[in-house]
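Below you'll find the structure, written out as structure tokens, and then a few comments.
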Amino acid sequence: MNTDTTDYILEFENVTKRFPGVVALQDVSFKVRRGEIHGLCGENGAGKSTLMKILSGVYPSNSYEGTVWYEGKELRLEGGSIRQATNQGIATVYQELTLIPTMTVGENIHLGKEPVEVYGINWDRLYADTRELLTQYNLDIQPQDILQNLGVGKQQMTEIAKALSENAQVLILDEPTSALSEAEIDKLMDILDNLRDHGVTCFYITHKLEEFFRIADTITVLRDGQVITSQPTESLSVERLVSYMVGREMTERFPSSKHVPGEVIFEVEDLYAREPTGSREVLHGVTLDVRRGEILGIAGLMGSGRTELVMTIFGEYGKITSGSVRLHGKELHLKNSRQAMLAGISLIPEDRKRHGLVLMQSVLKNISLPNLDQFAGFMRIDSDAELAASLEFANSLSIKAPNLNVPVDSLSGGNQQKVVISKWLMSKPEVLILDDPTRGVDVGAKYEIYKLMNDLAEQGMAIIMISSELEEVLGMSDRVMVMCEGRSTETLDIKEATEERIMALATNVATENGVTETV
Amino acid sequence: MSAASTAKVKPSERPKWVETILTQFRINIQTYTLILATIAIWAYFYNETDGLFLDPRNFSNLFRQMTTTAFLSVGMVLVIVTGNIDLSVGKLAGFVSVVVAYFQSNYLTDYFGDNELLVASLSVLIGLAVGLGYGIIQGYIIAYLGVTAFIVTLGSMWLLNGAILLVTEGKTIPANQPMFSKISQGYMSSEVGWILGGLTIVVLFFTMFRGRQKKRQYNFDLPSLGTDLAKVIGLSVLVLVYIYRVNEYRGFQNPVLLLIIVALIVTYMSNNTRFGRYAYAIGGNREAAKLSGININRNIFLIFVLMGLLCGVSGVTLASRVGYGTISAGDGYELDAIAACILGGTSTLGGVGTVFGTMIGALIMASLTNGLQITNVEPAYVYVLKGIVLVVAVFVDVYLTRKR
Ligand SMILES: Nc1ncnc2c1ncn2[C@@H]1O[C@H](COP(=O)(O)OP(=O)(O)OP(=O)(O)O)[C@@H](O)[C@H]1O
Ligand SMILES: [Mg+2]
């Protein structure tokens, strides 16, 4: 195949993949060097995940056109099973973790290939093998840890270890960092560096463009299913990358805002809460307030209680033991999301698959679900009004779907996120809480979401935004509240907020020893 | 919608109409397999019984017999769609039928014997009230007290079985007041049948064109006019053949009309009311539904209330059809009702299922029972075959879905 001497492990040649009504990939051709970290970059729906699903055998070889050359041979995978790909050394680290929470790290890694003797499973060997594997790749987890007791970061390490235990030559990581904290991301980068030293080829997909520049050797940009460019990272800059992705220049990442905050409308004072089952206290003293027309950012590490806080406010998580939640000075006792919505508070939840969407249903039905009261009489839903309103939101967030009638699970991740956002915006709340609203959303769409948030703030909505990306917190908020271990530490005005200040507050250390490990 | 950026699908080499039929088939594979299965079963029995199976009398009776469990399946779809199950429906329908018979023969005829209409209406009302009342209690326990539906309805099954024995005292109670019998044993004149058929066809065409208009307006996938026309014309032909056939016997059967009306109402509710939409959302993703502000308990409560009411309807038609209440009333109906839902494509995991599919499922179950009866197969084999058909049908469905 190749005339040049570079050692290519993979080559895509004119790969085209069609779905009913959509061409997800069109004549995709590029090469991947052995042992490199290959970044795949593109807007939501560009076809990144689809390409990786072809490689991992989710879409069998006869379901697309073109050829994938792997180790010089044509890659043939059948039957929609990823087993075949794993056997050939192509492993995927799933974003939705596919591990069994009640089992140990070792059991999970060896699931389906436990060392068996006549008397049954040889546990000593299983754990010894696990330990060896973990030390070989410098993974900081214990073989006997029960998975559900680990943070997301360590769970993901387990997932990676599981892939590596199959002697993976090619490792696919599709948005691995979207659920990780900064510290965990650093750790992941170290692991990837280490893998490169071991000669493992990695595909790396992310919407956090800086990560490409930290880790990727080569970047391939996809736009509308076509390869725009594939070149070494050194020859690219963030700006160039963005313009390749969106097809135009994007001068700024955050739209300028002119918020004129009004009076305080929503306050939380000294809130203590326990987890719903059990007696562990998850919130110990949270105080915040947000004014009309203002965006309050909430920063903090994974596990600092941000999601627990907003879910508790919303009446869907913990038991409040003391403290108060007030809207317009009136104390609220919200028991569930319905009451919260009726009071004028909306929450865009963090985990879209679990909390946000009914995956099998259409985009339309998902968007209108919490808002049917707007269109429904006692016996009838005005479907024209429902359609018109949903279409308006779908358009203003430029959701990329053939039409509103397709099921949401056929949308790309970022577009699913936009559906979740539309769904909650339609209820026109007074206080809008967004829990990591741009997770998995591409730069262009992020910009749209930010613009929308600004517009809403200008119209007088009070907005609370949780974000794991410091840049986003700094770029969008008027004030930043920092949480640490279930407490609110300090609320900073945006003028006095810096990355260092926030990180120091979030990790609760004097800045001299930097970031503490909280995984 | 930025549909512009998603390129057009390249036309393939096959002729267009072949492609259309294939696509249609692929999209609606479930419905078509069901229809094909029905045809196969009918053809088999037609052959086995030298045509007796489809002769006007049996044809008419087949549909009449189907109604009793079909009412139960109509409610059961929604129960299963929300991720629940109701094992008590057979016994509840049976209980309703014996209570109706009990009141009719012990009190109603004695007090109001000269007023036929009053006796019949009171019988119906009592039946519906018993079903509704039981549904309310059962729904309350499941939705608000939080005992799982499986347990509650299993308990109900035993409880109601006992109640049936208590009411009947082990005897058979007649329920054959003439007007009451009309509910399940009456027929409409052939003119009325044709008028109903005509109306149905008009409505079919009207909804098709309205649907197309809407799909065009909102850029939904629009099947070609030919495809839609073929479908509607096909359905119209079925309607006409059906009416012709039942008119050859005694006319359009009252209980079938009742079933159609009930099925249409529930279909409408499931698509066009909050109640129905929420049911599908709850079954599809309970947590997302909850965070969307849906009152899950209330919705589930209402589903079981509706189920109870439909048990009432079913019980009344049962009493009317067989003309008495007996200790074995409603035996095993719950399983037929559940099987009809599953055959009709309702997902046991919740979130997916239609009344229309379920009705075809109910027809298949009824065809099997009826066909095996008239071929004089031993009852033992009726059970064996039903079991096999259910599992095979679901396997075929699973297989085809996986293939796609
Ligand atoms: N199963 C499917 N059925 C129909 N269309 C699909 C299916 N899966 C993906 N698509 C479509 O293919 C296109 C590419 O989707 P893909 O998931 O590969 O995007 P992506 O680049 O991973 O986006 P994101 O960054 O949002 O995850 C999208 O237009 C999507 O709607
Ligand atoms: Mg993706």
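Being buried (at least 21 other Cβ atoms within 10 Å of the Cβ) and in a helix (DSSP H, G or I) is the filter here, so list the residues in region B:287-300 that pass it.
Passing the criteria: B:Ala288, B:Ala289, B:Leu291, B:Asn299, B:Ile300.
Given (1) out of contact with any helix residue (DSSP H, G or I) (no Cβ under 8 Å at 6 or more places or on another chain); (2) assigned by TED's automatic domain parsing to the domain that holds B:Tyr244, where does B:Ile201 come up short, assuming only one miss?
Result: B:Ile201 passes all but (1).
Give me the pairs: first residue in region A:34-52 and over 13 Å from A:Val227 (Cβ atoms), second residue outside any strand (DSSP E or B) and near ligand 2 (Cβ under 8 Å from one of its atoms), beta-carbon distance under 6 Å, and six or more apart or on different chains, which are they?
A:Asn44/A:Ser412; A:Asn44/A:Gly414; A:Gly45/A:Ser412
Can you confirm whether A:Lys31 is in contact with a strand residue (DSSP E or B) (Cβ under 8 Å, 6 or more places away or on another chain), of a type in the set (Lys, Arg) and within 16 Å of ligand 1 (Cβ to nearest atom)?
no
Kindly indicate which of B:Tyr333, B:Tyr324 is touching a strand residue (DSSP E or B) at 6+ places or on another chain (Cβ under 8 Å) and either acidic (Asp, Glu) or assigned by TED's automatic domain parsing to the domain that holds B:Val81 (or both).
B:Tyr324
Here are A:Ala385, A:Ala376, A:Ala401: which of them is more than 9 Å from every other protein chain (Cβ to nearest Cβ) and touching a helix residue (DSSP H, G or I) at 6+ places or on another chain (Cβ under 7 Å)?
It is A:Ala385.
Looking at A:Val221, A:Val290, A:Val227, which is the one that is among the β-branched types (Val, Ile, Thr) and open to solvent by 10 Å² or more (accessible area, probe 1.4 Å)?
A:Val227
Every residue in region A:408-441 that is within 13 Å of another protein chain (Cβ to nearest Cβ), of a type in the set (Asp, Glu) and in contact (Cβ under 8 Å) with a residue 60 or more places away in the chain, please.
A:Asp435
In region A:381-405, which residues are open to solvent by 20 Å² or more (accessible area, probe 1.4 Å), within 16 Å of ligand 1 (Cβ to nearest atom) and either hydrophobic (A, V, I, L, M, F, W, C) or more than 27 Å from A:Ile345 (Cβ to Cβ) (or both)?
A:Lys400, A:Pro402, A:Asn405
Please determine, by comparing only the residues of region A:301-332 that are open to solvent by 30 Å² or more (accessible area, probe 1.4 Å) and part of a loop (DSSP other than H, G, I, E, B), which one is nearest to the other protein chains (Cβ to nearest Cβ).
Filtering region A:301-332 for residues that are open to solvent by 30 Å² or more (accessible area, probe 1.4 Å) and part of a loop (DSSP other than H, G, I, E, B), the one nearest to the other protein chains (Cβ to nearest Cβ) comes out as A:Glu316.
Can you name the residue in region A:34-46 that is more than 12 Å from ligand 1 (Cβ to nearest atom) and open to solvent by less than 50 Å² (accessible area, probe 1.4 Å) and is also modelled with the lowest pLDDT among such residues?
Looking at residues that are more than 12 Å from ligand 1 (Cβ to nearest atom) and open to solvent by less than 50 Å² (accessible area, probe 1.4 Å), I get A:Gly35.
With region A:432-512 as the region, which strands (runs of 3 or more DSSP E) entirely inside it contain at least 1 residues that are in contact with a helix residue (DSSP H, G or I) (Cβ under 8 Å, 6 or more places away or on another chain) and closer than 20 Å to A:Lys418 by Cβ?
A:462-466
Please enumerate the residues belonging to region A:1-27 that are in contact with a Gly (Cβ under 6 Å, 6 or more places away or on another chain), closer than 19 Å to A:His38 by Cα and either buried (at least 16 other Cβ atoms within 10 Å of the Cβ) or modelled with pLDDT under 90 (or both).
A:Val15, A:Leu25
Take B:Ser328 and tell me if it is in a loop (DSSP other than H, G, I, E, B) and within 14 Å of chain A (Cβ to nearest Cβ).
It is false that B:Ser328 is in a loop (DSSP other than H, G, I, E, B) and within 14 Å of chain A (Cβ to nearest Cβ).
Please return the ranges of helices (runs of 4 or more DSSP H) entirely within region B:120-232 where 2 or more residues are within 14 Å of chain A (Cβ to nearest Cβ).
Filter on region B:120-232 gives B:190-217.
Are any of the residues in region A:76-86 within 14 Å of chain B (Cβ to nearest Cβ) and within 16 Å of ligand 2 (Cβ to nearest atom)?
no
Can you say whether A:Ser29 is outside the structural domain of A:Leu397 (by TED's automatic domain parsing), of a type in the set (Ser, Thr, Tyr), within 16 Å of ligand 2 (Cβ to nearest atom) and over 30 Å from A:Gln142 (Cβ atoms), as far as the supplied structure shows?
Spelling it out, it is not the case that A:Ser29 is outside the structural domain of A:Leu397 (by TED's automatic domain parsing), of a type in the set (Ser, Thr, Tyr), within 16 Å of ligand 2 (Cβ to nearest atom) and over 30 Å from A:Gln142 (Cβ atoms).
This table checks each residue for (1) within 16 Å of ligand 2 (Cβ to nearest atom); (2) open to solvent by 50 Å² or more (accessible area, probe 1.4 Å); (3) more than 14 Å from chain B (Cβ to nearest Cβ).
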site	(1), (2), (3)
A:Gly199	no, no, yes
A:Thr206	yes, no, yes
A:Ala216	no, no, yes
A:Glu234	no, yes, yes
A:Ser237	no, no, yes
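Looking only at residues in region B:239-286 that are more than 9 Å from chain A (Cβ to nearest Cβ) and basic (Lys, Arg), which one is most open to solvent (accessible area, probe 1.4 Å)?
B:Arg250
The values are calculated or read from the model by the stated rules, or taken from the named source; none is laboratory data. None of these values were measured; they are calculated from a predicted model. Using ideal geometry, Cβ is built from the backbone for each residue, glycine included, and neighbour counts are taken over all protein chains shown. Ligands, DNA and RNA are stripped out before the accessible areas are found, and what is left, the full protein with its side chains, is counted by its heavy atoms. Shrake-Rupley method; radii C 1.70, N 1.55, O 1.52, S 1.80 Å.
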